[in-house]
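Student: Could you have a look at this structure, given as structure tokens, before my questions?
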Amino acid sequence: MSSRRPLALIVAAVLLAVLLILPVGHGSYFIYLLCSWLMFTIAAMGLNLTLGYAGRISLAQASFMGVGAYTTAILTLHGWPWLAAAPVGVLLCFVVGLLLGFPALRVRGHFLAFVTLAFNTLFFLVARNEDWLTGGSYGLSDIPRPRIGPISADGQLAFYYFTLAVSALAILALWGIVRSPWGRAFKALRENEVRAESLGLDTRRITLLAFAIGSAFGGLAGAIEAPLVQYIEPNSFAVGESLKVLLMVVVGGLGDFWGPALGAAMVVLLPEALRGTRYYLIVYALFVIALMVLKPTGLMGIGKTFLARLAKSRAAAATEAKP
Amino acid sequence: MSQFLQVVLSGLSTGSIYALAAVGFALVWQAAQTVNFAQGEFVMLPAFFALVAIHWFGWPLWAGFAFAMLASLAILGLAFKGLVVQPMMPDGGLPLVIATMAVSILLKESVKTFYGAEAQPFPSPLPDGTLQIGGAVISIRDLFDLLASLAVVGGLTLFLDRTRTGRQMQAAAQSPAVAEILGVDVARMTLYAFLVNAALAAFASFLVSPTYLAKFSNGESLGLVAFIAAIVGGFNRIRGALVGGLLVGVLDNLVATYVTQEYRAALPLVLLIAVILWRPQGLLGDAEGRTV
Amino acid sequence: MSLSTTGAAAGAPHLSVRGVTKRFGNIVAVDDVSFDVKRGEILGLIGPNGSGKSTLFNCILGQIAPDAGAVEVDGKAVTGRRACDLAKLGVGRTFQQLAVFPGLTVHDNVVFAGQEHEGTLLGRLFGKPDAGLSEEADRLIEFFRLSHVRDRLAGDLSYGQRKLVDAAMAFMSGPGLVLLDEPAGGVNLTMLAELKERLVAYNRERGTTFVVIEHNMDFVMSLCGRVMVLAEGRVIADGPPEAVRADKRVVDSYLGG
Amino acid sequence: MSRRNFLTAAAFAVAAIGLGGAARAADVVKLPCVCELSGAGAVSGTNYRDGAHIAVDEINAAGGILGKKIEMTDYDTQTDPMTSRALIQKVIDDGAYVIIGTVYSGSTAVNMLVAQKAGVPQFTGAEAPDITAKGNPYIFRTSSGAEKGVPALTAYFKDTVKAKKIAISWVNNDFGKGGHDVFLSEMKKAGIQVVADVPSEQGQVDFSADVSKIKQAGADAVFVYLNEEESARILKEAVKQGLKIPMVGEVTLTGQKVIDLAGGAAEGALAHVGLATSAPVPSIQAFAANFKKIYKRDTDHNGIKGYIAVWATKYVTEMIGKFDRKAFADKMHGLTLDVAKYPHMLLTTSWDKTGELSRESFMTEVKGGKQVITGTVPAN
């Protein structure tokens, strides 16, 4: 089975190459969309770790994007370089995520969903009301774009490559976590907590970690959003945005490593595909309902079923051809 | 003192609307073990059914209300259960929750696209007058809202406890497998729960819209408050949802009046978190028995 | 074919239970139960449904806190310790309800069962993906004759196969003491013979101590060197299988209860 | 992860790339309308768009701008600043000549930076003070900012009401905060004490606490800076609780929508209105009637804003005689379009160096269920 690994690497390399060439020749709007797709992918992949792998729901991912974005914005506006500011934001999210994990030790499922949802709303209120720190409902504007040494990511294309580099590193890190024993422990926690505990897993610690790491990825997404939009305000981190990220994860394919990237692509790009119809949100909602009713494993589920059928028919064709 | 009385009375009347939405939410939770993220939109929509009948078809007021009630039963009860919830019942869980979120977008956008984005005045058969109570003023409509909610919740409790169908509904919600063995038609009882929810939503819509106007986005805040009310009160008891709704309505006003306007939305949330962590069965709920 | 215990070190009993009591409301599920298990012994624990066997297991293993009493493993007090700590002290268990991880492969199930026992949390993050346990897991998979389903998802296996996976997981960390909760339940005869054979081999080769809850009398009587009977939360008999089988109180509690 | 997952993801990624391309049209001038067509700003954005489309149809019927037909495509920002920024980027990529929109201040504050960088003139419907305070040479208002509108009321509070103590009820978002901040500094200058400062949530339904606080504070008048339905709710609650002080608003409070929603409770409400559909100007009333004929509903002032944005584009372009964005923006600064010569401006309108707009405005009152003009405030 180790033969899979080189192939996976090749596919990943091809994907990366495609993403490197993709924006060339396209207008800055397309590049902007790609950036926001990468950003949402990171946030959704983080939530996928908490929800898809460890099985603990969080409806607060947008608030972590907010913590990351505000921290990065405030520090870079005070002259910090992005490379110093973003880690602070990510770390802060890690710590806050750890704290938000504590309710998860007591309650599950819908209850946990509501605790995290309430947390997100509280974050929104603080961001809106504490003008001295967050700029209140006016938000913070003119957020500088990163500059690393002599290289500035000010231009649209330069910022895209910057975002791509950060995303690639983040996804690589997540990949490492998921295939390490931690990844196995997260899944074990999701599948059978009591059994996992009886096999020596400290389920409390791993639950908290699932929240903290997932939140930290949300924070990183926020740290990208601040210089991407160059303006942040509380509404970008309201509960609705958290639900949007959740939608990306579930529509893409819960607990599937690449599902969130697909889900994010759908949520970010679908409005583009349906532009011109007045009914695109209606079409979109109907599509999601149909998808959930007919194929709850999401887009990745559809893709896998399709590939499995393809492989089967190919195998059938091969056996037929033999005699 | 009259100010205190004023905001408490107004809070009770607002809270009674929350309570109606919360009761329906609790019923659906019981019957299908799902959180209906479209509950707020369920309360928003029936007013537009009535407006369509009155303004587009030119029907009289009572016919508009009747039409809205029937349309709600058909779409929010029958169709919602049959097309969305039922096919997903075996797995349920998160995909179902996501589907209800999509339903919420669908309802909002449909109203906006096909009726209009602006708030609409909504007719009320009730008179406009007000009553003086110890220095506070309460409108006849507010008083009616409060009494009507109490009556509905009281009536529903009686129905569930005293009638055969009601008891069967409770049994089906508590333990579908056992109920099935005892000869209860569980599928039918689940359908009843959805129909009652649709009827409650329509009723709440008629009560709330004359005062708060009909608008496609009305469900956004209402849905969240209904969840909070249901959980705070204890969603396995109907009167828990009632108490939760009234409590949230009154506390919201008291906080806004005496503590902070900016953070008035925070108090119900803090209350929610505290209840979930320390008394997850709710203030009035039972720890073990899952009775409706 | 009764088995004698392999000669192990004397001294403190491997597992010592003293006066454990657990109440649920007015019902006393476990009532002042005391017993010792010697190293290398195979103890069968039988009793009618609702006699408190599983609750007793859960009290011993830290899943629920007993109202009174003490549990010692190797002379160390472990009462009220969390299950994950007990696992690290070399206590393994299986569950009455199937307890594999259905979404993981058989191999991953077994690797996971071993990975939390060595090294540090951070070490596991930065260490090898298989925590260096792949080969050991394969040996155990082989031992339980599961090699042909190694890379299948545990959720896709037959009931009996999952029981074997469950058992393999309990042995993965090389525990000295394993508590088995109805290992034979729902397993077909061929698979059952295989399971018993594996358990016996394990006991003989490594001197592992077993406590087994089981309803299948043939299985218990042929596997265990000693049998203890629980009724209404109390120990009513304790001794070699033949003696227990003949005990009048035991017969009464099964027939009359 | 298995290779199947990779292949699936790759297949979808390739499919997504296909969505990227866009075609270009030939002999038209592109005036994209980027507006709040869904979300919180849907009402304002929709009116703005529909007003703009009336102008487009009129101009195209009369031969277009410098002989070129206008092509107006609508873009929905969903009232989300980030989306609005992306869309402004997109319309610039697609060759926008002038951008019509956005209406909300939060969105405009973000996306105007993009238009500025690309050198594309933009007509916003936003009224927050900071829009024109940032020295952006490409942004132009279509109605006066709050920093012009709110001060027009100061004289009313000071001289007509002779208020010593005053209350303010405002919606706690970027729109409300803009008006709130200007109002507080104005009252300070005028020496009037603000005794109750009451923010409310957007979409708030129960205004009993708000009104009871204002009542308790003993204010002589209350300044109401809320959106339409919240305005209607507070008017109803004020009547219920017997609050008998003047309720004074900026723009919205006496609008037809609020009157429809609040019914009798709107009677006696006052407001300063920069651009009212009921203004005693025949051209404005003709426009309002035309709007109603086309769309079967009334518009608020946002419809007029969208309409004059498009007409101003035509007038100014034909003044400079070519499609030159830089020259367009330069010409706009310090320009006055006299309604006698440029009838579709509806009112004589001037823009200063910052893109701020000034024109005549009105004091209005609700009398007999109608918005009535009670006075005219000269252009400032």
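The values are calculated or read from the model by the stated rules, or taken from the named source; none is laboratory data. In this text, all values refer to a predicted model and were calculated from it rather than measured experimentally. Glycine gets a Cβ as well: all are built from the backbone with ideal geometry, and neighbour counts include every protein chain shown. What goes into the accessible areas is simple: the full protein's heavy atoms, side chains included, and nothing from ligands, DNA or RNA. Shrake-Rupley method; radii C 1.70, N 1.55, O 1.52, S 1.80 Å.
Student: Looking at the range A:43-58, is at least one residue of a type in the set (Gly, Ala, Ser), within 30 Å of A:ASP154 (Cα to Cα) and in contact with a Cys (Cβ under 6 Å, 6 or more places away or on another chain)?
Tutor: Quick first cut of the range A:43-58, residues of a type in the set (Gly, Ala, Ser) only: A:43-44, A:46, A:52, A:54-55, A:58.
Subset that is within 30 Å of A:ASP154 (Cα to Cα): A:43-44, A:46.
From the residues that got through so far, the ones that are in contact with a Cys (Cβ under 6 Å, 6 or more places away or on another chain) too are none.
No, every residue in the range A:43-58 fails to be of a type in the set (Gly, Ala, Ser), within 30 Å of A:ASP154 (Cα to Cα) and in contact with a Cys (Cβ under 6 Å, 6 or more places away or on another chain).
Student: Just to be sure, is A:PHE306 open to solvent by 20 Å² or more (accessible area, probe 1.4 Å), aromatic (Phe, Trp, Tyr), part of a helix (DSSP H, G or I) and farther than 22 Å from D:ILE88 by Cβ? Full working, then the answer.
Tutor: Values: open to solvent by 20 Å² or more (accessible area, probe 1.4 Å): yes; aromatic (Phe, Trp, Tyr): yes; part of a helix (DSSP H, G or I): yes; farther than 22 Å from D:ILE88 by Cβ: yes.
For A:PHE306, the condition - open to solvent by 20 Å² or more (accessible area, probe 1.4 Å), aromatic (Phe, Trp, Tyr), part of a helix (DSSP H, G or I) and farther than 22 Å from D:ILE88 by Cβ - is met.
Student: Restricting the range A:164-198 to residues that are more than 7 Å from chain C (Cβ to nearest Cβ) and aromatic (Phe, Trp, Tyr), which is most open to solvent (accessible area, probe 1.4 Å)?
Tutor: Ranking the qualifying residues of the range A:164-198, first place goes to A:TRP175.
Student: Among the helices (runs of 4 or more DSSP H) lying completely within the range B:83-196, list those that include at least 1 residues that are touching a strand residue (DSSP E or B) at 6+ places or on another chain (Cβ under 8 Å), more than 16 Å from B:TRP29 (Cβ to Cβ) and within 14 Å of another protein chain (Cβ to nearest Cβ). Break it down into steps so the answer makes sense when it comes.
Tutor: Details: elements: B:93-114, B:140-162, B:164-174, B:176-181.
Of the helices (runs of 4 or more DSSP H) lying wholly inside the range B:83-196, those with at least 1 residues that are touching a strand residue (DSSP E or B) at 6+ places or on another chain (Cβ under 8 Å), more than 16 Å from B:TRP29 (Cβ to Cβ) and within 14 Å of another protein chain (Cβ to nearest Cβ) span B:140-162.
Student: What tally of residues in the range B:25-74 results from selecting those that are of a type in the set (Phe, Trp, Tyr) and modelled with pLDDT under 95?
Tutor: The initial filter retains those residues of the range B:25-74 that are of a type in the set (Phe, Trp, Tyr), namely B:25, B:29, B:37, B:42, B:48-49, B:56-57, B:59, B:62, B:65, B:67.
Next, from what is left, pick out any that are modelled with pLDDT under 95: B:25, B:29, B:37, B:56-57, B:59, B:62.
Selection size over the range B:25-74: 7.
Student: Let me ask another. All but one of (1) in a loop (DSSP other than H, G, I, E, B); (2) modelled with pLDDT of 95 or more hold for D:TYR307; state the number of the condition that does not hold.
Tutor: (1)
Student: A:MET248 is checked against (1) under 18 Å from the mean Cα position of the chain (by Cα); (2) open to solvent by 50 Å² or more (accessible area, probe 1.4 Å) and fails just one. What number does that condition carry?
Tutor: Just one mismatch for A:MET248, condition (2).
Student: Further, regarding this structure: As an exercise: evaluate A:LEU117 against (1) under 23 Å from A:THR41 (Cβ atoms); (2) more than 9 Å from every other protein chain (Cβ to nearest Cβ) and give the number of the one condition it does not meet.
Tutor: Only one criterion in (1) under 23 Å from A:THR41 (Cβ atoms); (2) more than 9 Å from every other protein chain (Cβ to nearest Cβ) is unmet by A:LEU117, namely (2).
Student: Also, I was wondering about something else. Give D:LEU153, D:LEU184 a once-over and let me know the one that is part of a helix (DSSP H, G or I) and in contact with a His (Cβ under 7 Å, 6 or more places away or on another chain). Spell out the reasoning first.
Tutor: On the way: D:LEU184 fails: in contact with a His (Cβ under 7 Å, 6 or more places away or on another chain).
Only one candidate passes the filter, namely D:LEU153.
Student: Restricting attention to the range A:36-49, does a residue exist that is surrounded by fewer than 24 Cβ atoms within 10 Å (Cβ to Cβ) and over 12 Å from A:GLU225 (Cα atoms)?
Tutor: Within the range A:36-49 (the criterion being surrounded by fewer than 24 Cβ atoms within 10 Å (Cβ to Cβ) and over 12 Å from A:GLU225 (Cα atoms)), the answer is no, since none of the residues qualifies.
Student: Would a scan of the range D:191-200 turn up a residue that is at pLDDT below 90 and either within 16 Å of D:THR154 (Cβ to Cβ) or among the aromatic types (Phe, Trp, Tyr) (or both)?
Tutor: As a first pass, look at the range D:191-200 and keep what is at pLDDT below 90: none.
Checked against the condition, which is being at pLDDT below 90 and either within 16 Å of D:THR154 (Cβ to Cβ) or among the aromatic types (Phe, Trp, Tyr) (or both), the range D:191-200 yields no hits at all.
Student: Sticking with this one: Taking the criterion of being open to solvent by less than 20 Å² (accessible area, probe 1.4 Å), closer than 30 Å to B:GLY116 by Cβ and either within 14 Å of chain D (Cβ to nearest Cβ) or at pLDDT 90 or above (or both), would at least one residue in the range B:260-268 satisfy it?
Tutor: Initially, the range B:260-268 is screened for residues open to solvent by less than 20 Å² (accessible area, probe 1.4 Å), giving B:261, B:264, B:266, B:268.
Cutting the leftovers down to closer than 30 Å to B:GLY116 by Cβ gives us B:264.
Among the residues that remain, those that are also either within 14 Å of chain D (Cβ to nearest Cβ) or at pLDDT 90 or above (or both) are: B:264.
Scanning the range B:260-268 turns up at least one residue that is open to solvent by less than 20 Å² (accessible area, probe 1.4 Å), closer than 30 Å to B:GLY116 by Cβ and either within 14 Å of chain D (Cβ to nearest Cβ) or at pLDDT 90 or above (or both).
Student: Turning to a different aspect of this structure: Check whether at least one residue in the range D:240-258 is buried (at least 24 other Cβ atoms within 10 Å of the Cβ), touching a Pro at 6+ places or on another chain (Cβ under 7 Å) and within 14 Å of chain B (Cβ to nearest Cβ), and report yes or no.
Tutor: no
Student: Looking at the range A:133-148, can you tell me whether even one residue there is open to solvent by less than 20 Å² (accessible area, probe 1.4 Å), hydrophobic (A, V, I, L, M, F, W, C) and within 14 Å of chain B (Cβ to nearest Cβ)?
Tutor: No, because not a single residue in the range A:133-148 is open to solvent by less than 20 Å² (accessible area, probe 1.4 Å), hydrophobic (A, V, I, L, M, F, W, C) and within 14 Å of chain B (Cβ to nearest Cβ).
Student: Quick one: in the range D:271-307, which of the residues that are under 24 Å from D:LEU31 (Cβ atoms), in contact (Cβ under 8 Å) with a residue 40 or more places away in the chain and small (Gly, Ala, Ser) is surrounded by the fewest Cβ atoms within 10 Å (Cβ to Cβ)?
Tutor: Result: D:SER283.
Student: Still on this structure, please answer the following. Quick check: anything in the range A:65-84 open to solvent by less than 20 Å² (accessible area, probe 1.4 Å), within 12 Å of chain D (Cβ to nearest Cβ) and modelled with pLDDT of 95 or more?
Tutor: yes
Student: Where the second residue is in a loop (DSSP other than H, G, I, E, B) and the first is open to solvent by 20 Å² or more (accessible area, probe 1.4 Å) and lies in the range D:139-156, which pairs have Cβ atoms under 6 Å and are six or more apart or on separate chains?
Tutor: Pairs found: D:SER144/D:GLY274.
Student: Just give me the residues in the range A:199-217 being within 12 Å of chain C (Cβ to nearest Cβ) and under 18 Å from the mean Cα position of the chain (by Cα), in sequence order.
Tutor: A:LEU209, A:ILE213, listed by residue number.
Student: Moving to a separate point now. From D:ASN111, D:ASN136, which residue is of a type outside the set (Phe, Trp, Tyr), part of a loop (DSSP other than H, G, I, E, B) and open to solvent by less than 10 Å² (accessible area, probe 1.4 Å)? Even if it seems obvious, please write down each step before you answer.
Tutor: On the way: D:ASN111 fails: part of a loop (DSSP other than H, G, I, E, B).
Being of a type outside the set (Phe, Trp, Tyr), part of a loop (DSSP other than H, G, I, E, B) and open to solvent by less than 10 Å² (accessible area, probe 1.4 Å) holds for just one of D:ASN111, D:ASN136, which is D:ASN136.
Student: What number of residues in the range B:95-123 are open to solvent by less than 30 Å² (accessible area, probe 1.4 Å) and more than 17 Å from D:ALA40 (Cα to Cα)?
Tutor: 10
Student: Return the only residue of A:GLU272, A:GLU241 being within 11 Å of chain D (Cβ to nearest Cβ) and either within 24 Å of B:MET89 (Cβ to Cβ) or at pLDDT 90 or above (or both).
Tutor: Values: A:GLU272 fails: either within 24 Å of B:MET89 (Cβ to Cβ) or at pLDDT 90 or above (or both).
Matching residue, one of A:GLU272, A:GLU241: A:GLU241.
Student: Now for a separate question. Inspect all residues belonging to the range A:237-257 and state whether any of them is polar (S, T, N, Q), in contact (Cβ under 8 Å) with a residue 60 or more places away in the chain, in contact with a Leu (Cβ under 9 Å, 6 or more places away or on another chain) and on the phi > 0 side of the Ramachandran plot. Spell out the reasoning first.
Tutor: First, the residues of the range A:237-257 that are polar (S, T, N, Q): A:242.
Subset that is in contact (Cβ under 8 Å) with a residue 60 or more places away in the chain: A:242.
Cutting the leftovers down to in contact with a Leu (Cβ under 9 Å, 6 or more places away or on another chain) gives us A:242.
Filter once more, keeping what is on the phi > 0 side of the Ramachandran plot: none.
There is no residue in the range A:237-257 that is polar (S, T, N, Q), in contact (Cβ under 8 Å) with a residue 60 or more places away in the chain, in contact with a Leu (Cβ under 9 Å, 6 or more places away or on another chain) and on the phi > 0 side of the Ramachandran plot.
Student: Looking at the range B:1-56, which of its residues are outside any helix (DSSP H, G or I) and open to solvent by less than 10 Å² (accessible area, probe 1.4 Å)? So that I can check it myself, show each step before the final result.
Tutor: As a first pass, look at the range B:1-56 and keep what is outside any helix (DSSP H, G or I): B:1, B:33-38.
Result: B:THR34, B:VAL35, B:ASN36, B:ALA38.
Student: Follow-up. Which residue pairs have Cβ atoms closer than 9 Å, lie 6 or more positions apart in sequence or on different chains, and pair a first residue in the range D:198-223 that is at negative phi and part of a loop (DSSP other than H, G, I, E, B) with a second residue that is basic (Lys, Arg) and open to solvent by 30 Å² or more (accessible area, probe 1.4 Å)?
Tutor: Hits for this filter: D:PHE207/D:LYS236; D:ALA219/D:LYS165; D:ASP220/D:LYS162; D:ASP220/D:LYS164; D:ASP220/D:LYS165.
Student: Sticking with this one: Of everything in the range C:83-127 that's among the aromatic types (Phe, Trp, Tyr) and at pLDDT 90 or above, which residue is nearest to C:THR55 (Cα to Cα)? Reasoning before the result, please.
Tutor: Pass one, the range C:83-127, residues among the aromatic types (Phe, Trp, Tyr): C:95, C:101, C:112, C:126.
Those still in the list that are at pLDDT 90 or above too: C:101, C:112.
On the way: C:PHE101: 23, C:PHE112: 26 Å.
Out of the qualifying residues, it is C:PHE101.
Student: Another question, then. Restricting to the range D:328-352, count the residues that are crowded, with 16+ Cβ neighbours inside 10 Å and in a helix (DSSP H, G or I).
Tutor: Going through the range D:328-352 one residue at a time, the tally reaches 6.
Student: Now a separate question. Look at D:THR102 and say whether it is within 12 Å of another protein chain (Cβ to nearest Cβ) and hydroxyl-bearing (Ser, Thr, Tyr). Break it down into steps so the answer makes sense when it comes.
Tutor: Working: within 12 Å of another protein chain (Cβ to nearest Cβ): no; hydroxyl-bearing (Ser, Thr, Tyr): yes.
Taking the combined requirement at face value, the residue does not satisfy it.
Student: Can you pull out every residue in the range D:179-223 that is in contact with a Phe, Trp or Tyr (Cβ under 8 Å, 6 or more places away or on another chain) and open to solvent by less than 10 Å² (accessible area, probe 1.4 Å)?
Tutor: Across the range D:179-223, the qualifying residues are D:GLY179, D:PHE183, D:MET187, D:VAL198, D:PRO199, D:SER200, D:ALA221, D:PHE223.
Student: Which residues, taken from the range B:222-238, are under 13 Å from the mean Cα position of the chain (by Cα) and open to solvent by 20 Å² or more (accessible area, probe 1.4 Å)?
Tutor: B:LEU222, B:LEU224, B:VAL225, B:PHE235 - these are the residues of the range B:222-238 that are under 13 Å from the mean Cα position of the chain (by Cα) and open to solvent by 20 Å² or more (accessible area, probe 1.4 Å).
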